1. If you look at just the Cα atoms of segment 372-412, how large are its Rg and its Dmax in Å?
2. Thr459's amide H: which non-local residues (gap 5+, or another chain) put their own amide H closer than 5 Å, with H modeled 1.01 Å from N in plane and none for Pro or chain starts?
3. Using 0.36 nm times the number of residues separating Thr459 and Ala83, minus their current alpha carbon distance, what extension gain do you get?
4. Once phi is turned into ³J(HN,Hα) by the Karplus curve 6.51 cos²θ - 1.76 cosθ + 1.60 with θ = phi - 60°, what whole-Hz value does each residue of segment 169-179 show in order, with x for glycine and proline?
5. Please list, in order along segment 219-224, the HN-Hα scalar couplings obtained from phi with the Karplus expression 6.51 cos²θ - 1.76 cosθ + 1.60 (θ = phi - 60°), rounded to whole Hz, x for Gly and Pro.
6. Starting from segment 394-479, pick out the GluC sites (Glu not before Pro) whose DSSP state is loop and whose Cβ has at most 16 other Cβ atoms within 10 Å.
7. Taking H as built 1.01 Å from N, whose amide H comes closer than 5 Å to the amide H of Val88, not counting residues under 5 places away?
8. Grab the beta carbon distance between Asp470 and Glu352, set R0 = 22 Å, and tell me the FRET efficiency rounded to 0.05.
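Please treat every number below as a calculation from the coordinates, not as lab data. None of the values given here were measured: they were computed from a predicted structure. Heads up, the Cβs are rebuilt from the backbone with ideal geometry, glycines too, and the neighbour counts pull from every protein chain shown.
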Amino acid sequence: MLSAVAPKLDGHRPSSYHQTMTEPKSDAPTTPTPPRRRRFWKWFVIVTVGLPALLCVGLPLGWWAWNWRFSGQVDSELERIRASGEPVTTEELEAYYALPDGVEDRTSLWMEAFETLSKIDWKLHADLPIVGESQEPVPPPGQPRPQERAARALLAEYAESLRLCHQATAPGGSARFPTNYTLGSDMAMDHLYGVRAAARLLLLESHIRARQGDASGAFESLTAALRVDHALYYEPSLQTQLVRVRMRGMGQRQLELLLTSAHFSDKELLEIKEELASTNWQESLARGIRGDRVIISRHYRGELGDGIARQELPFVATALPRDEEFLWYLGSMRRAIDATREPPWLMRRRIEELEEELLGFGHEGKLKQFRFMLTLLVTSPLNAFTTGHMMGMAFDRTAEAAIAAELFHRRHGRMPASLDELVPEFLPKVPLDPYDGQPLRSVARDGSLVIYSIGHNSTDDDGHRADDIDEGDLTFVLK
């Protein structure tokens with residue numbers, strides 16, 4: 001029986017039931033994916049997912065590994081700075097900003113004077129010279145002066161503040177104003193407004209006193225104005241030191257106006273000359289660099305907090321380690337401080353070289369720009385601050401020579417034919433021009449003696465002053 005059935009089974013086609021039980025049911029026939037399409041999708045996933053993931057992880061790791069090579073050198077440089085007695089952290093900077101032994105602390109006098117000086121609305125006095133925005137030249141004593149009554153009223157209104165300023169500017173004192181360097185570049189420096197206001201009022205007072213024939217009072221006010229910057233001498237900030245330069249420039253212009261018209265005594269002129277010679281502009285520049293180095297270093301360490309400084313920087317500039325450029329920055333600041341110990345004309349050249357090196361980072365390709373992005377964004381323009389301090393030196397040296405020439409004129413009845421005639425009776429030697437190291441120049445013109453420095457353009461313009469400080473000579477005109 002089985003054998004009879006067997007042939008039938010051998011030729012039997014499976015039923016639809018058996019097909020259903022043994023094969024998957026499909027609406028359409030399946031076709032295998034071609035190998036080429038499988039390769040496409042594999043590379044698509046690699047390019048669109050894998051490669052970005054690799055970049056997101058690999059590049060930061062590579063950047064970190066590269067900068068890690070410099071972290072030890074950064075630590076060594078910071079320790080070297082600390083070992084030299086210079087500040088590294090904001091806490092050390094607070095301690096560094098201190099008055100040395102023998103210097104009387106006049107901070108309380110200044111702060112009391114600032115309580116009223118800070119309330120002056122200068123817009124109400126914009127038509128006044130010296131304290132206002134008037135560009136008209138100030139006439140010398142003996143000539144009519146517009147707004148003189150308004151000037152006297154202003155001085156009378158702030159007479160108590162002026163009295164405090166005179167006390168604060170007596171020889172032998174300085175100030176240590178309240179600071180909070182942990183705020184970095186966000187720190188308020190309101191005292192600078194008060195110091196500038198004090199200098200302006202004292203200069204105005206000197207002029208009014210000279211017009212009244214009070215030579216002694218004019219001398220007292222002028223020397224007080226020249227000493228206002230002593231209050232800022234020990235403050236480790238480039239911005240502060242630049243304010244000192246501007247105030248000294250104002251004082252020099254007032255001295256130029258009053259030197260031959262206010263009839264100062266020989267003794268008073270020698271005292272002014274001594275005051276001018278006592279300022280060490282290069283040391284104050286170095287002090288400012290040390291302070292700004294601490295503040296800017298906080299950017300490299302990521303210690304910005306949530307203030308304005310952080311908000312103004314791109315995220316990528318502060319999110320990644322920056323040890324390579326931090327090391328360059330610390331080295332460049334050390335070179336700048338070392339330059340302040342050289343003669344001023346060499347100091348200027350060294351700092352210009354540093355500035356060119358820094359600016360070169362922005363022109364050497366995108367990679368160099370990215371590597372030194374933070375440095376390009378936050379480094380102070382040292383060349384501009386150096387220029388200011390060079391001006392301070394030029395102001396003082398031309399004024400010293402002018403005082404010596406005035407004393408020569410009083411004794412001999414004529415102006416010196418050259419500055420060499422002042423040596424050695426009135427000067428130990430002719431002061432050197434800070435811009436080229438040569439003796440200061442002089443030229444007789446229109447009945448006046450023009451004593452001058454060649455200025456920022458390093459060109460002898462024959463004693464011609466220009467409105468643009470980058471052009472012309474820096475002059476003192478002795479009439």
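1. Spelled out, the Cα radius of gyration and Dmax of segment 372-412 are 18.9, 62 Å.
2. Close amide H contacts, sequence-distant or interchain: none at all.
3. Numbers: separation 376, 0.36 × 376 = 135.36 nm, distance 4.20 nm.
Fully extending the segment from Thr459 to Ala83 adds 131.2 nm.
4. Coupling constants for segment 169-179: 9, 4, x, x, x, 7, 9, 10, 6, x, 9 Hz.
5. Result, rounded to whole Hz: 4, 4, 5, 5, 5, 5.
6. Numbers: sites: Glu400, Glu406, Glu421, Glu425, Glu471; in loops: Glu425, Glu471.
Qualifying residues, ordered by number: Glu425, Glu471.
7. Amide H neighbours of Val88, under 5 Å, 5+ apart: Leu93.
8. Working: r = 14 Å, r/R0 = 0.62.
Efficiency, rounded to the nearest 0.05: 0.95.
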